Every structure is written in C-alpha cells, then in structure tokens.
Amino acid sequence: MHRRPPRLFPPFLLLVVALLLTGCGVDGDQAALCGKLIPAFDSGPVTILGTEALGGDESALRLTYRTESGTHWIACRFGGRFFDSRRHELVMVATDRMGRLRPMQFAMLRIWAGLPAARLGLPPDAGGTERGPQTDWAPLLFFLQQLINAATVACVYGLLALGYTLVYGILGQINLAMGELTMIGAMLTAMGAAALGMAGLGGMPLAVLGVFATVMAFTAVQGWTMDRLVFRRLRRAHNHTPLIAAVGLSIAYQEGMRLLHGARDWWPAQFLADRHELLSDGAFTVTALTSQAVILLMTGGLYALLWAIMQRTAYGRAHRACADDVGAAELVGVDVDRTVATTFAVGGALAAAAGAVIALYYGGVNFYTGYLIGFKALAAAVVGGIGSVPGAMLGGALLGLVETFWSAYFAIAYKDIVAFGLLTLFLIYRPDGLMGRSRGRGD
C-alpha cells in the first residue's frame, strides 16, 4: 500500500501570505519619510540603528540613530496605516531632546523638508483647518493622485529605457554603464541648479533650460567617447567581453564621481514647485506640480523628436539598416562606426534627461544614483520589448505604474522585489517583451 505523498503548499497561497506580511510591522515608506527629517535636528553622517513601531490608533514609529553627537531617536505619527489614503500624512514629530514639536516648530519643519502637502500635513492642533472625515470619493481621488505621481516615474524609466533600447537595437548588446550616464546628468544638473541659485537665477526657466541643454550635450559627448574608446575596439568580440567592459565602466564612473565630489547627497531647489489643486472632496485633495506638467511635456517632446529623427533623417535610416543586418548595411555603404557612435551619443543625451528629472524633481542625487535606476530602466526596456522605441516608453510607463501603486498601497520596501519579479516573469513567459521581436541574427 502506497502512502499518499503530502500535498505541497499552493504557490498562490504563498503569494497571499507574502502580501499579508507586508502589512505587518513598520511601514517602510513611513520610516523613509521620518528618516528624511533627521538632518533637521542633527548634522553629519547618520546611521540608523533600529526602527520600532509604536502603539496607538494611528500608525506611529520611532527611529533610533547615531551621529557624531551620540545616539538619539525621532518619533513620527502618521494619519493612516498601510491601506489608508492618509498613510503619508505626517501629524506629529517628537525627538528625545525636544519632545513633541510645538505647532510653530512643526510648521517650520514642514517648510524645511519641502515635502508635498499630500505627504506632510499640519498636526491637528497646529491652528490650521483639519481635514474632514473620509468620504466615499477619497479612495478614487487617492487612486487618481497615484496616476499623476506614476507619470513622473514613468518619464524617468522611459527616457533611460530609450537609451538602452537604441544601443541594443543596433548592436544586440546591453550597455550596463548607461545608468551611470544618468547619474552624471543628475549630478551635473544639481550642480548647475546650485550655481544658478547662488547667482540669483534659480527662478528663471530659461536659465534652467540652458543648464538642462548643456548637461544633455555633455553627457552625449560622454556616450560618444564611451563607444569610441571602449566599445568600438570590442565590436568584433563574440563573447561576454563587451558586457564585462560595461560593468567596469559603470564602477569606474561611480568611483570617479565619489572621489571627485564625495559621497554626500545633492539636494537642488525644486524647479517650478507651484502646487495646483485639481479635485477635492474635503478629505483628500488631488494635486499636481507645475514641474510635473513640464516633465511630461519635455518627455513627450523628446520622444517626438526621436521618432522624427529615426523616421526622417539619414541617421535614422542608417540605424534601421544596421538593426536589420550590420553586414548588409556595410555592403551598401552605411558608415556603421559613425552610426553606432551617434547612437551612443543620443542614448547618453536621453539618459541625461532622465537624470535631470531626478535631480530637479526628486533631489537627493549622489554617485550611486544611476545604479538601481539603471537596472530598473533596463527592466522597463525588456518588458516593453528591448530594441523597440515605442516599447521602451510603454515599459517605462508600466513599471512606473506598478512601482507607484505598490508604494501607495503596500510597504515601499518591497517595491524593488516587485519590479524585478515582473522582469523575471516577462523573461520566462514573454522574452521578447510586449512590442519586441526576435532578432534575426545570432550576435
């Protein structure tokens, strides 16, 4: 008589359990917001020692940290928990040395932090107008707010994914150093914005546009140089040498920027930070920044310009010919080396545009900025169909939506797992992506 083998735990139940566990303990998004307030009370390097969830009807947590002055803590209380639309609304801050902040201190902290009003509100006793009770429309408005937030994230991923897909489309190789071109663009934009601020020109859109154009041109030259000095010499290599060289370039760029400018974060002033209220039910207000509209218009303009270049210029025809068959393109007189170098330059300029968005809208850029962003943009390119220009933008939009909505409704600490899990699923079940096609040559 054979014993019946034990039944395996159904995989979908494992997924359900994992999702439920994200609602336990400390909300990683709230912990990150609370940690951003520490420099207002202590200067110098900060080491987080631990995060503890506090009791009460609302979500509260306490961060213990160490600085040059010793070990301290900061406590933050928010308006809701994991699935509440007010989970990002800070209602109280306390420290071990100052106790609970008074209303005026809290208001000054809000101004110092420069966080959106939807994420950092006034405490109930601050003398301001309290929000009314949540209505039936609040979840829908919160959903619309996340769509607006996702659009900006999608622009960053889409612009960098375009750089990946252009290079892959012509060479069949992935340039893993593309993320570092985004880092260079972000750092240079932050420095340029700081210089404009010291010169009193930070509020002039034309001056910011000049910095933006200069950074894109400089990073385009970096992309061209990268191909000319490294990848052109490895063009005939039919192994993993170009990939290893790209990894080496990535590390070299990171360490070079760290040695030149240090490991500190750069926080340029926000550009066009005027806030506009779009919809409100008294409990939740859908808002948008002027800079978000500018970013969307800029991304749309760059995509339209790239489409026109690819369809209406000699370079675009040469790129399409090389993407179909490099050997045949050479036989009909296409200058393959110049076409590839131009592709690296265009990809570098698009990466710089993504870096400029990160610097001016999000801030907090450093020598490590491009590492994770680069891999996520690569995931977006693969999901959309690497080698397809429309697919790169589609993949960036999809990844931006997934990441933003996960961060809004679940713990932000798991968003990278979700992003790369999505990439894994596409590689397994749809390796050519949503709009990609199988390459016709074996390189």
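For the stretch 106-120, taking the residues that are modelled with pLDDT under 75 and of a type outside the set (A, V, I, L, M), the one that is surrounded by the most Cβ atoms within 10 Å (Cβ to Cβ) is identified as ARG110.
What number of residues within the stretch 194-216 are assigned to a helix (DSSP H, G or I) and open to solvent by 60 Å² or more (accessible area, probe 1.4 Å)?
Total satisfying the criteria: 5.
Remark: ARG312 falls outside the filter, which requires a residue to be surrounded by 14 or more Cβ atoms within 10 Å (Cβ to Cβ), charged (D, E, K, R) and at pLDDT 90 or above. Looking across the stretch 327-366, the residues that are in contact with a Lys or Arg (Cβ under 8 Å, 6 or more places away or on another chain) and either in a helix (DSSP H, G or I) or modelled with pLDDT of 90 or more (or both) come down to ASP337, VAL340, ALA341. When you scan the stretch 400-409, do you find a residue that is touching a residue at least 24 places away in the same chain (Cβ under 8 Å), out of contact with any helix residue (DSSP H, G or I) (no Cβ under 6 Å at 6 or more places or on another chain) and more than 16 Å from GLY374 (Cβ to Cβ), even just one? Yes, there is a match, as at least one residue in the stretch 400-409 is touching a residue at least 24 places away in the same chain (Cβ under 8 Å), out of contact with any helix residue (DSSP H, G or I) (no Cβ under 6 Å at 6 or more places or on another chain) and more than 16 Å from GLY374 (Cβ to Cβ). Scanning the stretch 371-388 for residues that are surrounded by 21 or more Cβ atoms within 10 Å (Cβ to Cβ), in a helix (DSSP H, G or I) and touching a residue at least 60 places away in the same chain (Cβ under 8 Å) gives ILE373, GLY374, LYS376, ALA377, LEU378, ALA380, ALA381, GLY384. Taken over the stretch 70-102, the criterion of being open to solvent by 40 Å² or more (accessible area, probe 1.4 Å) and at pLDDT below 75 is satisfied by ARG81, PHE83, ASP84, ARG86.
THR219 meets all of the listed conditions (1) under 21 Å from the mean Cα position of the chain (by Cα); (2) surrounded by fewer than 16 Cβ atoms within 10 Å (Cβ to Cβ) but one, namely (2). The listed residues are GLY396, GLY433, GLY400, GLY442, and the only one of them that is modelled with pLDDT of 85 or more, not charged (D, E, K, R) and not in a helix (DSSP H, G or I) turns out to be GLY433. Across the stretch 272-309, the qualifying residues are those that are of a type in the set (Asp, Glu) and in a loop (DSSP other than H, G, I, E, B), and the one among them that is most open to solvent (accessible area, probe 1.4 Å) is ASP274. In the stretch 33-53, the residues that are closer than 26 Å to ALA408 by Cα form Cβ pairs under 8 Å with partners that are assigned to a loop (DSSP other than H, G, I, E, B) and of a type in the set (A, V, I, L, M), at six or more places apart or across chains, as follows: LEU33/LEU115; GLY35/VAL46; LYS36/LEU115; ILE38/VAL46; PRO39/VAL46; THR51/VAL26; GLU52/VAL26; ALA53/VAL26. Restricting attention to the stretch 166-179 and to residues that are part of a helix (DSSP H, G or I), closer than 23 Å to ALA252 by Cα and not aliphatic (A, V, I, L, M), the residue that is most open to solvent (accessible area, probe 1.4 Å) turns out to be TYR168.
Scanning the stretch 236-261 for residues that are part of a loop (DSSP other than H, G, I, E, B) and touching a residue at least 12 places away in the same chain (Cβ under 8 Å) yields one hit, HIS238. In this structure, does TYR368 turn out to be aromatic (Phe, Trp, Tyr), open to solvent by 10 Å² or more (accessible area, probe 1.4 Å) and without any contact (Cβ under 8 Å) to a residue 12 or more places away in the chain? No: the conditions fail for TYR368.
In the stretch 306-328, is there at least one residue being polar (S, T, N, Q) and closer than 17 Å to ALA345 by Cβ? Yes, the stretch 306-328 has at least one match.
Please enumerate the residues belonging to the stretch 304-323 that are among the charged types (D, E, K, R) and closer than 13 Å to LEU171 by Cβ. Matches in the stretch 304-323: none. Among the residues of the stretch 223-233, some residue qualifies, meaning at least one is under 30 Å from ARG338 (Cβ atoms), free of Cβ contacts under 8 Å to residues at least 24 places away in the same chain, assigned to a helix (DSSP H, G or I) and aliphatic (A, V, I, L, M).
The values are calculated or read from the model by the stated rules, or taken from the named source; none is laboratory data. Remember, it's a predicted structure, so these values are computed and weren't measured experimentally. Please note: Cβ atoms are built from the backbone with ideal geometry, for glycine as well, and neighbour counts cover all protein chains shown. For the accessible areas, the whole protein counts, side chains as well, though only heavy atoms, and no ligand, DNA or RNA atoms are used. Shrake-Rupley method; radii C 1.70, N 1.55, O 1.52, S 1.80 Å.
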